[in-house]
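Q: Mind looking over this structure? Questions follow.
Derivation of every value follows stated rules applied to the coordinates shown; laboratory data play no part. Keep in mind that this is a model prediction, so the values were computed, not measured. Cβ coordinates were reconstructed from backbone atoms using ideal geometry, including for glycine residues, and neighbour counts include every protein chain displayed.
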């Protein structure tokens, strides 16, 4: 697939770039995408949720009333899960939500996500650029020139660029990532993917090594 290269003013340059078929032209695998996104979201969970079990609740262990003859339920102590302020039955406990996913599946998922964006014409290639200072106003002007203001935008750079990261982080629905750190969730979550020219080579090297 061949795409034109744009400058930051949104104007098409004379250059064109060919997206590698081995990454952007494959048949997407939905299940691989599902597994990779599931793992990414699972890894974001802290797993520190905790509710008190019966032995952890502070309260008397005295039996509230005799077992028979009251016409009421056979309650034990005041820590019973049946009573207000008591313990919780089968409540959440600290746990690790992460799980293992084979490297080949993760690579296939990333390729599939990029292939979906390419098939939907949601990838735009920009010539390499940077800002002299991390100014959000300049970043917002760049987005406006591509008519993507207010959309979920993912800008992928070839190398780490602090000025671009700092300029874009204050804009809602906008994220700047290095090609080597690209993940399936960010690609699928974005409405538009803006690729710097140098990022294409890095993506191919990362996913085909």
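Q: Find how much the distance from residue 149 to residue 7 grows on full extension, using 0.36 nm per residue of separation minus their present alpha carbon separation; answer in nm with one decimal.
A: Stretched fully, the residue 149-residue 7 segment lengthens by 49.5 nm.
Q: For the residues 62, 88, what sequence is obtained by ranking on other C-beta atoms within 10 Å, fewest first?
A: In increasing order of surrounding Cβ atoms, one gets 62, 88.
Q: Related question: Which of the three applies to segment 47-96, rounded, prolate or oblate, going by the alpha-carbon gyration tensor with a ≥ b ≥ c and a/c under 1.5 meaning rounded?
A: Since a/c reaches 1.5 and a/b is larger than b/c, the shape of segment 47-96 is classed as prolate.
Q: Give me log10 I(q)/I(0) at q = 0.13, 0.16 Å⁻¹ for segment 113-189, Debye formula, one equal scatterer per alpha-carbon, no solvent.
A: -0.37, -0.57
Q: What does DSSP give for the chain in terms of the percent of beta bridges that are antiparallel, rounded to the nearest 5?
A: 20 percent
Q: Starting from the Kirkwood radius over alpha-carbon pairs of the chain, derive D by Stokes-Einstein at 37 °C in a medium of 0.692 mPa s and give it in µm² s⁻¹.
A: For these conditions, the coefficient is 159 µm²/s.
Q: Residue separation times 0.36 nm, minus the C-alpha to C-alpha distance between residue 61 and residue 49: what's the value?
A: Separation in residues times 0.36 nm, less the Cα-Cα distance, equals 1.7 nm.
Q: Please give the FRET efficiency for residue 41 paired with residue 100, using the beta carbon to beta carbon distance and R0 = 22 Å, rounded to the nearest 0.05.
A: So the FRET efficiency works out to roughly 0.90.
Q: Additional query: When the helices in the chain are scored as -39500 (n - 2.57) per DSSP H run of 4 or longer and the sum is shared across all residues, what 222 nm value do you end up with, to the nearest 500 deg cm²/dmol?
A: After summing the helix terms and dividing by residue count, I get -10000 deg cm²/dmol.
Q: Normalised by the number of residues in segment 47-96, what is the relative contact order in percent for Cα pairs under 8 Å and 6+ residues apart?
A: Value for segment 47-96: 51 percent.
Q: So for 83, 108, fewest C-beta neighbours within 10 Å to most, what's the order?
A: 83, 108
Q: Same structure, new question: Determine the relative contact order of the chain: mean sequence separation of Cα pairs under 8 Å and six or more apart, normalised by residue count, in whole percent.
A: 24 percent
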